[in-house]
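**Student:** Starting off with a structure, shown below.
The values are calculated or read from the model by the stated rules, or taken from the named source; none is laboratory data. Here the structure is a predicted model, which is why all the values come from computation and not from measurement. Here the Cβ positions follow ideal geometry from the backbone for every residue, glycine too, while neighbour counts run over all protein chains shown.
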Amino acid sequence: MVAPNNPRAKSPKKALQYPNKALPKESNYFTKLMQTEEGRALRKQWSTKKRKNAGRPQGTPDGYTLEAITPIREQAKRDAERIVAIMAEDNQIDDVYAIEALKAAVEIMREPGQNRDRLTAARMVLDFTKTKPAAKSEVTIGKAEAFLESLLVVTPEDEQTEDGQET
């Protein structure tokens, strides 16, 4: 293929709106840094260094910052203390550890978080405060026994077999 006689016409370069974003590769700091052995070692050290404030703090639910969740947690703690005081009075709970566990469970229920955690806390509060309904297995056993007794009731017609002997 033959090269063209005249080079292609180009438009003049525009002044960049953000000049630091489009630096040529030669003047970029990290490009220069990666050209030497010491620079590569320094870059690796920076990459593997543990971050002090990496991401959201532990225990903070999705969609909240620590500053946003702190007043919600304080309000939930105040509500939990008030609610547990009423529950302990109504249910005659005197154990300090049981009251502390109830406070923690009510706090978890009142805070935004995962539904699974909130449901587990609600189940724990119900176990502490409400009695479970009586099992219905006794009723079914009685029905089964009555059914078996009805099968064992022998009528006079059933007493004689086909050959005329009594059973």
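**Student:** Yes or no: residue 56 at pLDDT 85 or above, surrounded by 11 or more Cβ atoms within 10 Å (Cβ to Cβ) and not aliphatic (A, V, I, L, M)?
**Tutor:** Answer is no for this residue.
**Student:** Could you go through the range 77-87 and let me know if any residue there is over 30 Å from residue 126 (Cα atoms) and hydrophobic (A, V, I, L, M, F, W, C).
**Tutor:** no
**Student:** Could you list, in sequence order, the residues of the range 36-58 that are closer than 30 Å to residue 69 by Cβ and either touching a Leu at 6+ places or on another chain (Cβ under 6 Å) or acidic (Asp, Glu) (or both)?
**Tutor:** 57
**Student:** Okay, next question. Report yes if residue 98 is in a helix (DSSP H, G or I), surrounded by 12 or more Cβ atoms within 10 Å (Cβ to Cβ) and at pLDDT 80 or above, otherwise no.
**Tutor:** Yes; evaluated as a whole, the condition is true for this residue.
**Student:** From the list 67, 107, 81, exactly one residue is exposed (fewer than 12 other Cβ atoms within 10 Å of the Cβ), acidic (Asp, Glu) and either modelled with pLDDT of 90 or more or out of contact with any Leu (no Cβ under 6 Å at 6 or more places or on another chain) (or both). Which is it?
**Tutor:** 67
**Student:** Could you please find all residues in the range 121-141 being modelled with pLDDT under 70 and part of a helix (DSSP H, G or I)?
**Tutor:** Selection gives 137, 138, 139, 140, 141.
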